[in-house]
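Have a look at the structure below before the remarks.
The values are calculated or read from the model by the stated rules, or taken from the named source; none is laboratory data. Fair warning: this is a prediction, and the values are worked out from it, not measured in the lab. Quick reminder, even Gly has a Cβ in these numbers, built from the backbone with ideal geometry, and neighbours come from all protein chains shown. Heavy atoms of the whole protein, side chains included, go into the accessibility calculation; ligands, DNA and RNA do not. Shrake-Rupley method; radii C 1.70, N 1.55, O 1.52, S 1.80 Å.
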Amino acid sequence: MLKKGVPTTAIVSFVFVFMVFFFTSQINLSLLSGSNVASSIARSKPVIGITNTAPEDKQALSPSRSGVENIITCDCSHRYYDMWFINGPTLLDPITSTFFAIGATNSTPLDSTVKFHPYPRKTDKNAKAKVNELTLTSAPPKSSCGIRHSSPAIVFSTGGYTGNFYHQFNDGLLALYITINSLTLDQDVILVVTNWSEWWAKKYADLLHQFTRHPIVNMDNQTRTHCFPSAIVGLMTHGPLVVDPTLLPRNKTLLDFHALLQNTYGPRGNYLPTSGKSKGARPKLVLVNRKNGVGREILNLKEVLKAIKEVGFKAIVFEPKRNASVRETYRLLHGSHAMLAVHGAAMTHLLFLRVGAVVGEIVPIGTDWPAKTFYEKPATVLGLEYMKYKIEVNESSLAEKYRVNDLVLKNPSAFVNGNYTKAMVYMKTQNVKLDIVRFRAYLKEAFVKAQRFMDKEG
């Protein structure tokens, strides 16, 4: 029964508006669910009205204006990255670096356009300056499909900081692993790469083949258009060498990526590590040495190597090079019992160690936070024996340039205060000269752990 004073016409109007709203919402949801990409990203935000034909319809690959609605969406809610999706037939014009949503309706505004740098460091202007800008648009293309693909495209850049070993993994290979697993695409995806680097493609060819069964498209040298059933532009990242199991199907972690590396580069056939119980066997320690003239070098390397050998290790010096074989590097590290490096990109080689191995990080002044964030935490996830050697002021070359009470030495956090240029004082101008007596005590502890690991695992 209606309460007194409430007009019947008002109730009818409210019900009518509610039904229209509900019906419209259901239509929009049903249209979005037709996309195999958008449904995988719960927080994708529709930003541009586009038309769509079902990916299963091969005719959808022709650049015609159909009457079925679709959307270009952005998953823009994350700290490190944005990702754009064209959830329907897509035409790539490599000459203009433009991706066209080729199923757009006549009602779609022709100037609906997005400019985007496909690199997972969305607030880093220095990185983005080294990444080609791509265009996503609902405007009709001027060309027809030259090469047709039956699998969706993942578009990303190997520009940015890809020259750095840490970023090759965190911003590239690990990000690609996370993206493909997040979208449950398995290997049925076309990798489309801009800022193509030939050395990168050759160096990681074996690992890239784990991500796709299809040839990789170098966007930068294409002259013909390419058509895809849909496109994902950009890569996901969960943080510094982080794979968040709560954000991935089947709760995958960094250990799963570690297993993928072993499957790709690990020994095959009858290979067996040398038994730790063999007569005269010594734990192998690989010292990953920085020798590039840009800071954080070990100035008394000969003395350090002598101490490493004296405590019982078999010492191997490894100096990373861009063109070094990943397989050979992997097997060197994977067959060792301990790794040691000064804080920096070289520490990324911890991904190549066996679970239970010792990883030692020499931590210069002013690098405590990045050392813990970028390497100690991932090492713990991988089940490694992480050991930090925190240098004292007298072991830093900065002690020769600054007074003991100078803020640079006394309180690095206060000195940097969020200023990247000031942080480079510690990263670019600081070298280390280790106190051998103090460092020897650290090495003895590392040796005990490495010996135990060798005896157990070989």
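What single numbered condition from (1) closer than 17 Å to Gly234 by Cβ; (2) at pLDDT below 95 fails to hold for Gly163?
(1)
Which pairs have Cβ atoms under 6 Å, sit 6 or more apart or on different chains, and link a residue in the stretch 345-366 that is acidic (Asp, Glu) to one that is assigned to a strand (DSSP E or B)?
Pairs that qualify, where the first residue is acidic (Asp, Glu) and the partner is assigned to a strand (DSSP E or B), are Glu361/Lys388.
Being closer than 24 Å to Leu299 by Cα, modelled with pLDDT of 95 or more and within 25 Å of the chain's Cα centre (by Cα) narrows it down to one of Val342, Val408, so name that one. Full working, then the answer.
Details: Val408 fails: within 25 Å of the chain's Cα centre (by Cα).
Among Val342, Val408, only Val342 is closer than 24 Å to Leu299 by Cα, modelled with pLDDT of 95 or more and within 25 Å of the chain's Cα centre (by Cα).
Filter the stretch 371-408 down to the residues that are in contact (Cβ under 8 Å) with a residue 60 or more places away in the chain and not in a helix (DSSP H, G or I), then identify the one that is surrounded by the fewest Cβ atoms within 10 Å (Cβ to Cβ). Spell out how you get there, then give the answer.
Looking only at the stretch 371-408, we keep the residues that are in contact (Cβ under 8 Å) with a residue 60 or more places away in the chain, and these are 373-375, 377-378, 381-383, 385, 387, 397.
Then keep just the ones that are not in a helix (DSSP H, G or I); that gives 382-383, 385, 387.
On the way: Leu382: 22, Gly383: 14, Glu385: 21, Met387: 20.
Result: Gly383.
Taking the condition of being at pLDDT 95 or above, assigned to a strand (DSSP E or B) and open to solvent by 50 Å² or more (accessible area, probe 1.4 Å), how many residues in the stretch 104-129 meet it?
Final tally of qualifying residues: 1.
Go through (1) within 14 Å of Phe165 (Cα to Cα); (2) touching a His at 6+ places or on another chain (Cβ under 8 Å) one by one and return the number of the condition Tyr330 breaks.
For Tyr330, the exception is condition (2).
Restricting to the stretch 202-236, what's the tally of residues that are over 23 Å from Phe257 (Cα atoms), open to solvent by 50 Å² or more (accessible area, probe 1.4 Å) and assigned to a loop (DSSP other than H, G, I, E, B)? Working first, answer last.
To start, the set of residues in the stretch 202-236 that are over 23 Å from Phe257 (Cα atoms) comprises 217-231.
Narrowing further to those that are open to solvent by 50 Å² or more (accessible area, probe 1.4 Å): 220-221, 223-224.
Narrowing the set further to residues that are assigned to a loop (DSSP other than H, G, I, E, B) leaves 223-224.
The qualifying residues number 2.
Under 7 Å between Cβ atoms, which residue pairs at least 6 apart in sequence (or on different chains) link something in the stretch 240-251 that is under 24 Å from Trp369 (Cβ atoms) and buried (at least 18 other Cβ atoms within 10 Å of the Cβ) with a partner that is among the β-branched types (Val, Ile, Thr) and at pLDDT 95 or above?
If the second residue must be among the β-branched types (Val, Ile, Thr) and at pLDDT 95 or above, the pairs left are Val243/Ile178; Val243/Thr253.
Quick one: in the stretch 305-319, which of the residues that are out of contact with any strand residue (DSSP E or B) (no Cβ under 6 Å at 6 or more places or on another chain) and open to solvent by less than 20 Å² (accessible area, probe 1.4 Å) is farthest from Gly163 (Cα to Cα)? So that I can check it myself, show each step before the final result.
The initial filter retains those residues of the stretch 305-319 that are out of contact with any strand residue (DSSP E or B) (no Cβ under 6 Å at 6 or more places or on another chain), namely 306-307, 310-312, 319.
Filter once more, keeping what is open to solvent by less than 20 Å² (accessible area, probe 1.4 Å): 307, 312.
Details: Ala307: 33, Gly312: 36 Å.
The qualifying residue farthest from Gly163 (Cα to Cα) is Gly312.
Looking at this structure, is Asn132 open to solvent by 10 Å² or more (accessible area, probe 1.4 Å) and either farther than 20 Å from Asn218 by Cβ or part of a strand (DSSP E or B) (or both)? Steps first, please.
Values: open to solvent by 10 Å² or more (accessible area, probe 1.4 Å): yes; either farther than 20 Å from Asn218 by Cβ or part of a strand (DSSP E or B) (or both): no.
Here the answer is no, as Asn132 does not meet what is asked.
Among what's in the stretch 145-163 and is in contact (Cβ under 8 Å) with a residue 60 or more places away in the chain and among the polar types (S, T, N, Q), pick the residue that is surrounded by the most Cβ atoms within 10 Å (Cβ to Cβ). Can you show your working first?
To start, the set of residues in the stretch 145-163 that are in contact (Cβ under 8 Å) with a residue 60 or more places away in the chain comprises 145-156, 163.
Checking which are among the polar types (S, T, N, Q) leaves us with 150-151.
Details: Ser150: 14, Ser151: 17.
Per the criteria, the residue is Ser151.
Can you tell me which of (1) of a type in the set (Gly, Ala, Ser); (2) assigned to a loop (DSSP other than H, G, I, E, B); (3) in contact with a Ser or Thr (Cβ under 6 Å, 6 or more places away or on another chain) is the one Ala175 doesn't meet?
(2)
Given the criterion at pLDDT below 95 and within 30 Å of Leu332 (Cα to Cα), identify the matching residue among Pro273, Pro240, Pro215.
On the way: Pro240 fails: at pLDDT below 95; Pro215 fails: at pLDDT below 95.
Every option except Pro273 fails the conditions.
Out of the stretch 394-408, which residues are closer than 12 Å to Asp435 by Cα and of a type in the set (D, E, K, R)?
Applying the first criterion (closer than 12 Å to Asp435 by Cα) to the stretch 394-408 yields 394-396.
Passing the criteria: only Glu395.
Name every residue in the stretch 187-216 that is out of contact with any Ser or Thr (no Cβ under 9 Å at 6 or more places or on another chain), within 22 Å of Val326 (Cα to Cα) and among the aliphatic types (A, V, I, L, M), in order of residue number.
Those that are out of contact with any Ser or Thr (no Cβ under 9 Å at 6 or more places or on another chain), within 22 Å of Val326 (Cα to Cα) and among the aliphatic types (A, V, I, L, M): Ala205, Leu208, Ile216.
State whether one or more residues within the stretch 306-317 are in contact (Cβ under 8 Å) with a residue 40 or more places away in the chain, within 14 Å of Gln262 (Cα to Cα) and touching a Leu at 6+ places or on another chain (Cβ under 6 Å). Full working, then the answer.
The initial filter retains those residues of the stretch 306-317 that are in contact (Cβ under 8 Å) with a residue 40 or more places away in the chain, namely 307-308, 310-313.
Narrowing the set further to residues that are within 14 Å of Gln262 (Cα to Cα) leaves none.
No, the stretch 306-317 contains no residue that is in contact (Cβ under 8 Å) with a residue 40 or more places away in the chain, within 14 Å of Gln262 (Cα to Cα) and touching a Leu at 6+ places or on another chain (Cβ under 6 Å).
So which residues in the stretch 164-201 are open to solvent by less than 10 Å² (accessible area, probe 1.4 Å) and at positive phi?
Within the stretch 164-201, none qualify.
On the basis of being assigned to a loop (DSSP other than H, G, I, E, B) and more than 29 Å from Pro245 (Cα to Cα), does Gly356 make the cut? Let's see the steps before the verdict.
Numbers: assigned to a loop (DSSP other than H, G, I, E, B): yes; more than 29 Å from Pro245 (Cα to Cα): no.
For Gly356, the condition - assigned to a loop (DSSP other than H, G, I, E, B) and more than 29 Å from Pro245 (Cα to Cα) - is not met.
Restricting attention to the stretch 414-458, and to residues there that are open to solvent by 90 Å² or more (accessible area, probe 1.4 Å) and free of Cβ contacts under 8 Å to residues at least 12 places away in the same chain, which single residue is farthest from Leu305 (Cα to Cα)?
Among them, the one singled out is Asn417.
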